[in-house]
Amino acid sequence: MVRLEDLTKGKQVQGIQQIREEMERAEARRLQPHFIASFFLEAFTQLGGTLRQREPQCYQISHVPAVIRNRGQSDGDCLVVGKDCEMS
């Protein structure tokens, strides 16, 4: 005879394993260059920046919005970003 407690334990273990697998997949995606690049491109354009792709994985930034240019100055950081630049 199968006890309800035994069935519940099996489902809990299965649920925990599923959560662990999902967390591992999320961790792997978070560190992949594709996800980093897509995050940057989306955030940069939402802040008003303009860029164009010159070749695969190489972009020319034609406008860096003031909110980004001025960030380093307001926080006292040493990072200085010009009005335009190239990244690859």
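The values are calculated or read from the model by the stated rules, or taken from the named source; none is laboratory data. The structure displayed is predicted, hence computed values, not measured ones. Methodologically, a virtual Cβ is constructed for each residue, glycine included, from the backbone with ideal geometry; neighbour enumeration extends over all protein chains shown.
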Any residue in the stretch 35-43 that is surrounded by 12 or more Cβ atoms within 10 Å (Cβ to Cβ) and modelled with pLDDT of 90 or more?
-> yes
How many residues are of a type in the set (Asp, Glu) and either modelled with pLDDT of 90 or more or under 25 Å from His34 (Cβ atoms) (or both) when one looks only at the stretch 55-83?
-> 1
Taking interchain pairs and intrachain pairs at least six residues apart, which have beta carbon atoms under 9 angstrom, with the first residue in the stretch 29-45 and farther than 18 Å from Gln60 by Cβ and the second in a loop (DSSP other than H, G, I, E, B)?
-> Pro33/Gln57
Checking Arg25, Arg30, Arg52 in turn, the sole residue that is at pLDDT 90 or above and either on the phi > 0 side of the Ramachandran plot or not acidic (Asp, Glu) (or both) turns out to be Arg52
